[in-house]
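Q: Attaching a single structure in structure tokens format; questions to follow.
Only the coordinates and a few stated rules stand behind these numbers; no lab work does. In this text, all values refer to a predicted model and were calculated from it rather than measured experimentally. Backbone-built Cβ (ideal geometry, glycine too); neighbour counts: all protein chains shown.
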Amino acid sequence: MLIDTHAHLDAERFAPDRDEVVARARAAGVQTIITCGTDLVSSRATTALCERYQDVYAAVGVHPHAASSLFSGQAISQETLDELIALASQSGAAAIGEIGLDYHYDLSPREAQRDALSAQLQLAVELDVPVVLHCREADDDLMAIVGNAPRSLRGVLHCFMGGDTLARWALDRGFYLGIAGPITFKRMNGLADVARLAPLNRLLVETDCPYLAPQPLRGRRNEPAYVVYVAERLAQIRALPLDALAAATSANARELFGVG
């Protein structure tokens, strides 16, 4: 059995057939799904999905693209933080996320992204829950900000596509690396090397659906059932039977998120 540790089941692209998407995941052997919020609206939706579907859990948070929405004027809104705390305290909530930094699109100012990240890391520490981190073209700042957080902070660098430096830092911090569809793409040798050399007890599998469908489905809408393709490729890279890889990554997910 597999655990998809990062999905966006609230996405509009799943609206026509969400029940069937979850059913296909179950049929494919995906026992648990963690669906991640990206702002307050989607975080509310993810917690609602936990009530609707068995073994679906939520991460709630504000993505760097939406970091500006955390602010009221020049300061982070305490009202918004209080709602995140309330959502993260609901049954079925397993993490703060998806949070982090994205300097590729810069849809929110970088200073706002950094402040939003710091505030949500503090929430995770106070609530004693893990974080789901997004990082794109912002490795140094992410390492610096997370490095200032208490050592008790735990989490995952989701859809990891960073280099050796970021991987070593994350592993030294006790973080997990989330491996997604790009591991199946051509010319991803660097990612394959990281996935091969990282400790097995620090690897998770995920889809990031509806985005980043794996080969041979690239270009289509991704969904949790397709995490099997990620696991198959990771098992090949690690020279492990698929059932052994699935057992290990699922145990890792249970250890980090307390699910399944």
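Q: Of all residues in segment 232-250, which are among the small types (G, A, S) and within 16 Å of the chain's Cα centre (by Cα)?
A: Selection gives S250 alone.
Q: What residue, among those in segment 48-67 that are under 19 Å from G155 (Cβ atoms) and β-branched (V, I, T), is surrounded by the most Cβ atoms within 10 Å (Cβ to Cβ)?
A: Selected residue: V60.
Q: Scan segment 8-50 for residues that are within 25 Å of L81 (Cβ to Cβ), in contact with a helix residue (DSSP H, G or I) (Cβ under 7 Å, 6 or more places away or on another chain) and of a type in the set (A, V, I, L, M) and jot them down.
A: L9, I34, L40
Q: Looking at segment 4-14, is at least one residue outside any helix (DSSP H, G or I), of a type outside the set (A, V, I, L, M) and touching a Pro at 6+ places or on another chain (Cβ under 7 Å)?
A: Within segment 4-14 (the criterion being outside any helix (DSSP H, G or I), of a type outside the set (A, V, I, L, M) and touching a Pro at 6+ places or on another chain (Cβ under 7 Å)), the answer is yes, since at least one residue qualifies.
Q: Mind checking which residues of segment 9-47 are within 23 Å of G155 (Cα to Cα) and among the basic types (K, R)?
A: Scanning segment 9-47 gives a single hit, R44.
Q: OK, next. Could you check, for segment 77-95, whether at least one of its residues is of a type in the set (S, T, N, Q), out of contact with any helix residue (DSSP H, G or I) (no Cβ under 9 Å at 6 or more places or on another chain) and either more than 30 Å from L217 (Cα to Cα) or part of a strand (DSSP E or B) (or both)? Full working, then the answer.
A: Just the residues of segment 77-95 that are of a type in the set (S, T, N, Q), to begin with: 77-78, 80, 89-91.
Narrowing the set further to residues that are out of contact with any helix residue (DSSP H, G or I) (no Cβ under 9 Å at 6 or more places or on another chain) leaves 78.
Going one step further and asking which of them are either more than 30 Å from L217 (Cα to Cα) or part of a strand (DSSP E or B) (or both), we end up with 78.
Yes, some residue in segment 77-95 is of a type in the set (S, T, N, Q), out of contact with any helix residue (DSSP H, G or I) (no Cβ under 9 Å at 6 or more places or on another chain) and either more than 30 Å from L217 (Cα to Cα) or part of a strand (DSSP E or B) (or both).
Q: For A244, which of the numbered conditions (1) without any contact (Cβ under 8 Å) to a residue 24 or more places away in the chain; (2) on the phi > 0 side of the Ramachandran plot; (3) of a type in the set (G, A, S) fails to hold?
A: With respect to (1) without any contact (Cβ under 8 Å) to a residue 24 or more places away in the chain; (2) on the phi > 0 side of the Ramachandran plot; (3) of a type in the set (G, A, S), A244 is out only on (2).
Q: Sticking with this one: Go through the residues of segment 25-43 one by one and say whether even a single one is charged (D, E, K, R) and closer than 26 Å to Y226 by Cα. Before you say what the answer is, go through the steps one by one.
A: Narrowing segment 25-43 to residues charged (D, E, K, R): 26, 39.
Next, only the ones that are closer than 26 Å to Y226 by Cα stay: 26, 39.
Yes, there is a match, as at least one residue in segment 25-43 is charged (D, E, K, R) and closer than 26 Å to Y226 by Cα.
Q: With under 20 Å from the mean Cα position of the chain (by Cα), crowded, with 20+ Cβ neighbours inside 10 Å and under 20 Å from R24 (Cα atoms) as the only criterion, which of Y211, Y226 stands out?
A: Y226
Q: Only one of A198, A167 is small (G, A, S) and either surrounded by fewer than 20 Cβ atoms within 10 Å (Cβ to Cβ) or at positive phi (or both); which? Spell out the reasoning first.
A: Details: A167 fails: either surrounded by fewer than 20 Cβ atoms within 10 Å (Cβ to Cβ) or at positive phi (or both).
That would be A198, the only listed residue that is small (G, A, S) and either surrounded by fewer than 20 Cβ atoms within 10 Å (Cβ to Cβ) or at positive phi (or both).
Q: If we keep just the residues of segment 183-195 that are crowded, with 19+ Cβ neighbours inside 10 Å and touching a Pro at 6+ places or on another chain (Cβ under 8 Å), which is farthest from I99 (Cα to Cα)?
A: Per the stated criteria, the residue is T184.
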